[in-house]
Every structure is written in structure tokens, then in C-alpha cells.
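Contents: one structure, followed by commentary.
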Amino acid sequence: MSLPVDARTKPIDVKVHVSTGAGMDIAWADGHHSHYDFGYLRDHCPCALCNEEHGHGPQPAAANPLPLYKPRAGARAASAVGHYAVQFDFNDGHSTGIFSFEYLRQICPCDDCRRGESAAG
Ligand SMILES: [Zn+2]
Ligand SMILES: [Zn+2]
């Protein structure tokens, strides 16, 4: 069984829990469900600024060996960008990251999706 790519990157229900800080939930057209913490989204911000900081490609979030104090990441606001993306206003003042649904599906943190990309190391 192969699903059209469109169904995997098309959200049918998006909930952003800004006031509770619980993150974002997305239900996808292919039946998959994703939950993202705001901290996870902040770490995976796709904007040019963050990619410059981190170098090319996504970095493993747990790779930081230093116990740096980091305030718990949250979002002050979230807004839809057309029908294809969500933009967050993070509580550290960062708001230039635009998360397309295609990208969000790629970074889905659930076990099933993580297993799928384990080869990348
Ligand atoms: Zn960014
Ligand atoms: Zn997933």
C-alpha cells in the first residue's frame, strides 16, 4: 500500500496549545498523528538564522553535553501561513521560523517516524 505524498503532508486538524504551553498536535490526512513540544520546534527551527547557527542539516537535540541553563521554550503565538505552514512567535523573541507542514511531517518525533530515519544516524 502506498499513499500519495499529499496525504502524508496534509493536515486535517491542527491544534496549537499556546496558553497551556503543551505544544502542537497535528492529525494528518493519512491517519497519522504528531505531537510537538515547543522546545522541539524551537530546536528544529528551519529559518536561515538558526541553520547558520547549527550548521547544515538538523542536529540531534540531545547532543549538547553541557548542562547549560536553558529556559523552557514556549510560544507566545502561532499563526497560519497560507494553507501550507505555521509560524511561531517563540518566547525567546524568535519569530522568523516558518514550519511548512511538509517539514513538520519530516520532523515528526513519534517512535514510528524516528525509526524510519534511524539510518541517518
Ligand atoms: Zn529560526
Ligand atoms: Zn510520526
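For this structure, a couple of remarks:
- Annotation note: Cβ proximity below 7 Å between a residue of segment 39-55 that is on the phi < 0 side of the Ramachandran plot and a residue that is at pLDDT below 90 and of a type in the set (Gly, Ala, Ser) (sequence gap 6+ or interchain) occurs for GLY39/ALA73; TYR40/ALA61; ARG42/ALA73; ASP43/ALA61.
- Of the residues making up segment 87-118, those that are outside any helix (DSSP H, G or I), within 16 Å of ligand 2 (Cβ to nearest atom) and within 16 Å of ASP25 (Cβ to Cβ) are PHE99, ILE107, CYS108, PRO109, CYS110.
- Scope segment 25-43; condition away from ligand 2 (no atom under 14 Å from the Cβ) and not charged (D, E, K, R); matching residues: PHE38, GLY39, LEU41
- Among residues of segment 72-114 being among the β-branched types (Val, Ile, Thr) and away from ligand 1 (no atom under 12 Å from the Cβ), the one that is surrounded by the most Cβ atoms within 10 Å (Cβ to Cβ) is VAL86.
- Which listed residue, of LEU41, LEU68, LEU3, LEU49, is at pLDDT below 95, under 24 Å from CYS113 (Cα atoms) and of a type outside the set (Asp, Glu): LEU3
- Filtering segment 16-30 for residues that are in a helix (DSSP H, G or I) and buried (at least 19 other Cβ atoms within 10 Å of the Cβ) leaves an empty set.
The values are calculated or read from the model by the stated rules, or taken from the named source; none is laboratory data. Only a predicted model underlies this, so the values are computations on that prediction, with no experimental measurement involved. Counting neighbours? That spans all protein chains shown, and the Cβs are built from the backbone with ideal geometry, glycine included.
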